[in-house]
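Below is one structure, written out as structure tokens, with a few remarks after it.
The values are calculated or read from the model by the stated rules, or taken from the named source; none is laboratory data. It should be emphasised that the depicted structure is a prediction, and the values quoted were computed from it without experimental measurement. Note: ideal-geometry Cβ built from the backbone for every residue, glycine included; neighbour counts use all protein chains shown. The accessibility values were calculated without ligands, DNA or RNA, using every heavy atom of the protein model including side chains. Shrake-Rupley method; radii C 1.70, N 1.55, O 1.52, S 1.80 Å.
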Amino acid sequence: MAATPASDAPRPAAGAVTVFTGWPTGAKLFLILSIALLPLALIAIFATLRVTQIADTELRSHLRVAASESSRAIAIELVGDMTALRVAVDALTADRGDAPSCARAQGVFAQQSAAGTSFAILDRRGRAICGEPFPGAAAFARQSPTDAVSARIVADRGLMLRFAGRSDGLTAAAYFPAAFLDQISKPSGFAPDYGLALALNDERLELDALARESTLERRETIRSDLGIAGLALEMQVRSAPIGSPLLIALTLPLLMWAAAAAISWFVVDRLLIAPLRALRGSIAAYSPGDEPDPAMLRALPAQEIRDLGDTFRALSRTVAIHEAGLADGLMRQTKLTREVHHRVKNNLQVISSLINFHARGARSAEATQAYASIQRRVDALAVVHRYHYAEMEENRGVGLRAVLGELASSIRATAPEGTRVGIVLDIDPFYVTQDVAVAVAFLVTELVELAMTCAGGETQVRMTLKPADDPHRAVLRLSSRALVDTDHLREGLKHRYGRVIEGLTRQLRSTLQHDPLTGAYEIAIAVTGRE
């Protein structure tokens, strides 16, 4: 199986890594702690909610049992009473004088009469045949017989039930007060406070009211159908309220998570980040020769950071020792450079003096002119060397304005007898390297001497140095009527000056252009800057 190249391996998203890397350490630490501690807080909140849910489920189960018991007790009582009334109505329908049937119905209700329960059997005209009429019984009995058994809730008082006979128009009505219904509906062994109500469509009869203790109170409600004329029993209990204990139980884990993350960040910031920041400021303010304050390093709270500060102090001492050694070496190097310069300058002066001595002893004009030509070149080299050494300590390069000015004066001074040389300078203040300065000095000397050779008596030369299109170059232009294309010029270039000028041009890494009509030579040279 071939190995997967390293370049094909999956890499993390560069953008996310870059953004996270640019965060402060405190922010990274807070984020990491938040991610680590947040699941614990969520687990605690989930556990609290789960305990509350289990308690609600258990309470709902007990409520369902109690509601079933209460509804069954009420249903049994009401069904038994309505059954006795139905039997009495059927018997009286068959025989209006059946006193035993009426007595049996009165006997059933006699046990409940002390609680306010009453009944009446009425004929078509609303006259009582059996029982005692109660308020509203006649009106309730005359309602349209849509069902055999119907019910009506008397607001805040009780419940009325009606049973309609089959054919003779006899109707039975019974009244059950709310206190009686509440008494028979009490569940056994149910300790919590509860509320009980009978519901018929949109009407409600409160049997046992459950007062509201707070606005955030929660309740559990169970509704059980009684199976009688659409009646239902509703039972309510209070569940665990949304109070301060529950709110504290829910918010405390989040507060603990935030506090733990904040405290951890604060401790790390005070014990790690702030000392590192102070040490960084001390390092940033360090300059050669300084030494960090030992008292500041001893005040750092973390031992590891103090060790880092001691290491920095040791490094600063080592750097100071090395800098002292470098300073001594630089001083020795400067002395050596000055000594070499003085020796080179003295040697050039000795050579110039020897050439001058031999020129005075020459026996022919040609030899004198040859010695003068050699001396001009030695003088050009001496001028460049002198200005190079003057500018060397500032590392700016050699200034061509001063070099070409002194070189022009030297050429005029060493011109052959009977030859007048006029040199007009228009030089911008550019700096060049020593190699470029030497090549330019020799090139100018060769071109001026070529002009003197071609002109014979009087020679006028104009020399300019101006910026080029390239900011790193300048254009050197030397023009003279003596450099117009003639047989004499071509002869001098062929036998004496051409090869030297060509070599200097190659040394300057440029092209020397000649305008034969105006007698101008032009070349672009590399510069290092300008004043």
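Remarks
- Answer from L271, L252 - the residue that is in contact with a Pro (Cβ under 6 Å, 6 or more places away or on another chain), modelled with pLDDT of 70 or more and surrounded by fewer than 16 Cβ atoms within 10 Å (Cβ to Cβ): L271
- Pair list, Cβ < 6 Å and 6+ apart or interchain, from the range 87-108 residues that are closer than 22 Å to F176 by Cα to residues that are buried (at least 17 other Cβ atoms within 10 Å of the Cβ) and among the polar types (S, T, N, Q): A88/S101
- Scanning the range 426-461 for residues that are farther than 18 Å from G498 by Cα, more than 60 Å from the chain's Cα centre (by Cα) and surrounded by 15 or more Cβ atoms within 10 Å (Cβ to Cβ) gives T459, Q460, V461.
Table: residues versus (1) out of contact with any Lys or Arg (no Cβ under 9 Å at 6 or more places or on another chain); (2) surrounded by 15 or more Cβ atoms within 10 Å (Cβ to Cβ); (3) without any contact (Cβ under 8 Å) to a residue 24 or more places away in the chain.
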site: G158; (1), (2), (3): yes, yes, no
site: A164; (1), (2), (3): yes, yes, yes
site: A172; (1), (2), (3): no, yes, no
site: P177; (1), (2), (3): no, yes, no
site: S185; (1), (2), (3): yes, yes, no
site: S188; (1), (2), (3): yes, no, no
site: Y194; (1), (2), (3): no, yes, no
site: N201; (1), (2), (3): yes, no, no
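- Checking A451, A441, A474 one by one, the residue that is at pLDDT 85 or above, within 25 Å of H514 (Cα to Cα) and touching a Pro at 6+ places or on another chain (Cβ under 7 Å) is A474 and no other.
- Within the range 270-289, residues that are within 14 Å of L308 (Cβ to Cβ) sit with their Cβ atoms under 9 Å from residues that are polar (S, T, N, Q) and modelled with pLDDT under 75, at 6+ positions apart or across chains, in these pairs: L272/T25; I273/T25; L276/T25.
- Some residue of the range 129-141 being surrounded by fewer than 18 Cβ atoms within 10 Å (Cβ to Cβ), out of contact with any helix residue (DSSP H, G or I) (no Cβ under 8 Å at 6 or more places or on another chain) and part of a helix (DSSP H, G or I): yes
- Residue within the range 327-340 that is open to solvent by 50 Å² or more (accessible area, probe 1.4 Å), modelled with pLDDT under 70 and basic (K, R) present: no
- For R313: the one exception among (1) open to solvent by 90 Å² or more (accessible area, probe 1.4 Å); (2) modelled with pLDDT of 70 or more; (3) over 30 Å from V378 (Cβ atoms): (1)
- Residue in the range 46-78 that is nearest to A232 (Cα to Cα), counting only those that are among the hydrophobic types (A, V, I, L, M, F, W, C) and surrounded by fewer than 16 Cβ atoms within 10 Å (Cβ to Cβ): I76
- For the range 98-115, the tally of residues that are more than 14 Å from L85 (Cα to Cα) and loosely packed, with under 12 Cβ neighbours inside 10 Å stands at 2.
- Selection of first residues in the range 486-514 that are free of Cβ contacts under 8 Å to residues at least 60 places away in the same chain and under 21 Å from T459 (Cα atoms) and of second residues that are polar (S, T, N, Q) and open to solvent by less than 90 Å² (accessible area, probe 1.4 Å), restricted to Cβ pairs under 6 Å at least 6 apart or on distinct chains, gives the following pairs, ordered by first then second residue: G492/T453.
- Restricting the range 316-326 to residues that are aliphatic (A, V, I, L, M) and open to solvent by 100 Å² or more (accessible area, probe 1.4 Å), the residue that is nearest to L279 (Cα to Cα) is I321.
- If you go through the range 29-64 and keep only what is under 14 Å from I222 (Cβ atoms) and in contact (Cβ under 8 Å) with a residue 60 or more places away in the chain, you end up with D56, L59, R60, H62, L63, R64.
- Where R363 falls short, out of the listed (1) modelled with pLDDT under 70; (2) surrounded by 15 or more Cβ atoms within 10 Å (Cβ to Cβ); (3) over 28 Å from V440 (Cβ atoms): (2)
Yes or no, residue by residue, for (1) more than 30 Å from E69 (Cβ to Cβ); (2) outside any helix (DSSP H, G or I); (3) β-branched (V, I, T); (4) within 60 Å of the chain's Cα centre (by Cα):
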| site | (1), (2), (3), (4) |
| --- | --- |
| V87 | no, no, yes, no |
| Q106 | no, no, no, no |
| G169 | yes, yes, no, no |
| G189 | no, yes, no, no |
| L198 | no, yes, no, no |
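- Number of the exception - D81 against (1) of a type in the set (D, E, K, R); (2) open to solvent by less than 20 Å² (accessible area, probe 1.4 Å); (3) not in a helix (DSSP H, G or I): (3)
- P135 modelled with pLDDT of 80 or more, touching a Phe, Trp or Tyr at 6+ places or on another chain (Cβ under 9 Å) and closer than 27 Å to R64 by Cα: no
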